Amino acid sequence: MKTERIKQLIKLLISQDDYITVYKLSKQLNISERTIHNYVTSQEFGSLIFPGKLVKKPNRGIRLEADGVAKAKILSKLKLSLTLNTGQENDFCKVLIKLLSNAKGISYDELKNELFLSTTSLHALINEIDNYSNEFNCYIEHKRGKGILLYGDENDIRKLFYAFLTTFIEGSEDIAMNRINDKTNVILNILLKEDEKHKIINIMKISENIINTNYCDEDYNKVAICLSIIITRLKIGKFIQNESFYDLKSNQEFYYATLIKNYLEKDFSILFTDPEIEYLSLLLIGTRKQINIPTTQQDMVMLEKFLNLLSIRLNVELSNDFELKQNLISHLKPAINRIRYGISNENPLLEQIKINYTEVYMAVITTIEDLEIMENIYFDSNEIGYICLHIIAAVNRPANIRKIEAALICSEGLSIEIFLKNIIESYFSEIHIKEIFRENSIQTIHSEAYDIIINSSKTIVMGDNCIRIDPNFTHNDHSALRHYVLNFSAMGIAHKENVYEHYLLFFQDDLENEDKLLQKYCNFLEVNGYVKKEFYDSVISRTKISSTYVARGIALPHGAKDAVISSVIIMINLKNQIKWDGEDTDFVILVAANDKDLNEYNFLFRKIMRIAADDRLAKTLKNCTNMHSLKQLLNDL
């Protein structure tokens, strides 16, 4: 129980950008302030937040200081239930590296003497390593006369090896070689001798010559680490067994792998079996290359459809972004290959994307279905996270922001005109003040030529698109403009209340688990004519492949649009938390949407995304007890 509470505390701290008081933390976790103080000073807390650190400020509270990579590592530890004490992390790494790089067992006495640990402490450490290994379908066993051994399918052991090295090994300040980054440099130093490391660098160059292009930098480092793992395992006689992954011999990458393995065999005195060549082929298939991949007309049509729908969901213009299209095509081709061949591509930034760019993540997972249908695949959470990174970059390009053309009326003189124009455009990047009118030129305004008329004068100007503000631009003025901007894209919707009535349902419930919730509410949708029978199966199929947990205790399950008769969003407020993809969840948004009535549906879904992306609004959402309070929250946006 204590460990789970500490994890909840750390997750809360990670989600906070600013300082938070111990009092507020105690209220959110429903524990005493004294308990919070005990937790943050415990060894377990210190181990779990490493390499981040806790910063305390009088009268402001505490804050977890960690960059994106550090946060990703912390979240990985939380997910894998690792509870090492501060001094044990180095011992954990030492022992696991020994187990992964030795064919023979390691004796307890050898480890006790090397690590200066008692039998009890060593036993606890081995249990932690076993728990971590279990996440990859591997396990630790102590056999009399053989010592401690790591068991599992060789493919799983290599996944464990890679995940462990890239999660727990820190970079250094040493100068990296070639395109090898500092973290990969440390990993290669652990696995290889100095001359062997140079050989790997040389083989990386040769492999790029063989494939006639360059790997992207991230995958360049991934391939270098994976080759080093292959070498380490083959040296101790650990081979991929005689299993055929797929029919790869007709693939170009199998030919590339055959050439590369010749250099590996020569330089490292190892032998590649046919399954090992297939394993290397899959590694090459999954890499991203620094080239513009040729596209078919069908590819572009599907991509255009995806970006058009995404543009509507996010209220930005993405369909004309050439850079985004090229980047997505270059990413999607190898991503689709990875999925088809069952290759996992861990995304270290996934949790941060979900927390910091919730709207983008929700928009992508609910609009990517056409691409999935065309390729007959499901994108998993890691791949969706990578797609989100491209979308995030595009959303932040000024050229993609949909501008609201505005006229400003000001009679306070040039200084106030400049002040108002600058402050409004700085607060609201969507607003472009196209023209400024003074008292003597108000009559020349053609209101239909502007999306909004911002009036700071005393003269009354009539019109639905006219907003009065104070020349000093108060907090109320900011709120009024924000409300207008958020609802601008829905101006064509005549009766917003009808949208809620038609597309929105609200329930409070107390269910034991995810399965029972999906069964109950998918059946409700079918019985009431919203979906076809196969909708439930499509929801389950997606949850098996891709995480539908988003962030802030909110899950977003959704099904195939072809199985939807009438679009609807069910908001389910849970009285008690349930586990959803391993995360504590107390609010579920079940989405059933087809391609009809997109304008009204997207107006509603955009509001819901905004709520889910904001800590304060998400908390308010969970306090809603009926449809009336939910509508009030939606209308306040």
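Computed from the coordinates by the stated procedures, all read-outs in this text should not be read as laboratory data. Because the structure is predicted, anything quoted here is derived from the model rather than measured. Every residue, glycine as well, gets a Cβ built from its backbone with ideal geometry; the counts of neighbours run over all protein chains shown.
Listed values, structure above:
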item	result
Region 484-637 - Kirkwood radius from inverse mean 1/r over Cα pairs (Å)	15.8
Listed values [x] 54; [y] 57; [z] 61, entry calculated as percent of Cα pairs over 31 Å apart	[z]
Least to most buried among GLU372, GLU170 (fewest other Cβ within 10 Å first)	GLU170, GLU372
Cut-off 11 Å between beta-carbons: net charge of the residues surrounding PHE164, Lys and Arg +1, Asp and Glu -1	+1
Calculated FRET efficiency for the pair ASN498/ASP584, C-beta based, R₀ 35 Å, to 0.05	0.50
Residue order, fewest to most surrounding Cβ atoms within 10 angstrom, among HIS478, HIS331	HIS478, HIS331
Net lengthening on full extension, ALA480/LYS403 (0.36 nm per residue, minus Cα-Cα)	26.0 nm
FRET efficiency, 1/(1 + (r/R0)^6) with R0 22 Å, evaluated for ASN134 and GLU110 via beta carbons	0.40
Neighbourhood charge, 15 Å Cβ-Cβ cut-off, centred on GLU512 and excluding it, Lys, Arg +1 and Asp, Glu -1	-2
Per residue convex hull volume, Cα atoms of region 169-285, in Å³	102
Sequence-distant lysines (8 or more away, or on other chains) whose Cα lies within less than 20 Å of LYS7	LYS24, LYS27, LYS53, LYS56, LYS71, LYS73, LYS77, LYS79, LYS354, LYS579, LYS619
Two-site label geometry, TYR151 and LYS27: point separation in nm, points 7 Å out along Cα→Cβ	5.3
Over the chain, relative contact order from alpha-carbon pairs under 8 Å, at least 6 apart, %	8
Residues LYS27, LYS607, sorted so that the one with the fewest Cβ neighbours within 10 Å comes first	LYS27, LYS607
